[in-house]
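Just below is one structure, and these are the notes that go with it.
The values are calculated or read from the model by the stated rules, or taken from the named source; none is laboratory data. Note that the coordinates shown come from a computational prediction; the quantities given were computed from them, not determined experimentally. When we count neighbours, we look across all protein chains shown, and the Cβ atoms used for this are built from the backbone with ideal geometry, even at glycine. Surface accessibility is based on the protein's heavy atoms, side chains included, excluding ligands, DNA and RNA. Shrake-Rupley method; radii C 1.70, N 1.55, O 1.52, S 1.80 Å.
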Amino acid sequence: AGWQAAGAAARAAVDEVLDVLPGLPEPVVAAEVLAAASGLLLVGSSKPVRDLSLAGARPGVRVLANRGAAGIDGTVSTAIGAALADGRPAVALLGDLTFLHDANGLIIGPAEPRPDLVMVVVNNDGGAIFGLLEQGAAGYEQAFERVFGTPHGVDLQALCAATGTAYTLVGTREELRASLEPAVGLRVVEVLSDRRAAVDLDGVLKAAVTAALQP
């Protein structure tokens, strides 16, 4: 009972912070994706799966994720295969590095089936999760970008165009919600994010939860 009460207090504290934030911070994107999911939701490793954990749970939504030391391997193909097997409109939430690591999964032969799948890609131009760990501290800034941040600068719209994949860029909650409406076919929805802002927000959320759990 004590753990459940603490969980409820933490959940309320997180919601209170996220509800008033402008734009599309990464935990908000995860919450919107979960709210729109009607059957199958595939989530990428690293930061997206952690952001989704802040969004709580929804009965009736089946959540799948790859695990392991190389959890980003083949995630685009996993999402496409899972959506085809499930047969219902599906949604996936991926980080940009996870998406790029298996971007060739978008190459589907003209005679092959295509899923009804919305693939939401949160693009913060690199590995945002590492900014939340000790190597993200200010003293390591010079080495951090090349070794952990790993910015790529890839134009996702051009990449999608090369494979004939429908693409949309969204910047507001309303645009994201509209893009998540069930539709026929495979499409990519890109949400631009800032890695430093994600680190700052993590600190705000931790402080809010700590305050909520004080006796």
**OP:** Quick one: which residue in GLY203, GLY109 is open to solvent by less than 80 Å² (accessible area, probe 1.4 Å), assigned to a loop (DSSP other than H, G, I, E, B) and at pLDDT below 95?
**Re:** GLY109
**OP:** Answer yes or no as to whether ARG114 is surrounded by fewer than 20 Cβ atoms within 10 Å (Cβ to Cβ) and over 20 Å from LEU176 (Cβ atoms).
**Re:** yes
**OP:** Note down all Cβ pairs under 6 Å where the first residue falls in segment 189-205 and is without any contact (Cβ under 8 Å) to a residue 60 or more places away in the chain, the second is part of a loop (DSSP other than H, G, I, E, B) and surrounded by 15 or more Cβ atoms within 10 Å (Cβ to Cβ), and they're at least six residues apart or on different chains.
**Re:** none
Subject >> All strands (runs of 3 or more DSSP E) inside segment 1-101 with 1 or more residues being open to solvent by less than 20 Å² (accessible area, probe 1.4 Å) and within 19 Å of LEU117 (Cα to Cα) >> reply: 40-43, 90-95
Original post:
Which residues, counting only those in segment 59-98, are in contact with a Gly (Cβ under 8 Å, 6 or more places away or on another chain) and in contact (Cβ under 8 Å) with a residue 60 or more places away in the chain?
Top reply: ILE80, PRO89, LEU93, ASP96
Subject >> Count - residues of segment 146-198 that are part of a helix (DSSP H, G or I), more than 18 Å from LEU97 (Cβ to Cβ) and open to solvent by 40 Å² or more (accessible area, probe 1.4 Å) >> reply: 7
**OP:** Mind listing whichever residues of segment 72-89 are touching a Leu at 6+ places or on another chain (Cβ under 8 Å) and of a type in the set (A, V, I, L, M)?
**Re:** ILE72, VAL76, ALA79, ILE80, ALA82, ALA83
**OP:** For residues that are out of contact with any Pro (no Cβ under 7 Å at 6 or more places or on another chain) and open to solvent by 70 Å² or more (accessible area, probe 1.4 Å), tally how many sit in segment 131-145.
**Re:** 7
Subject >> Every residue from segment 160-189 that is more than 21 Å from LEU40 (Cβ to Cβ) and touching a Phe, Trp or Tyr at 6+ places or on another chain (Cβ under 9 Å) >> reply: CYS160, ALA161
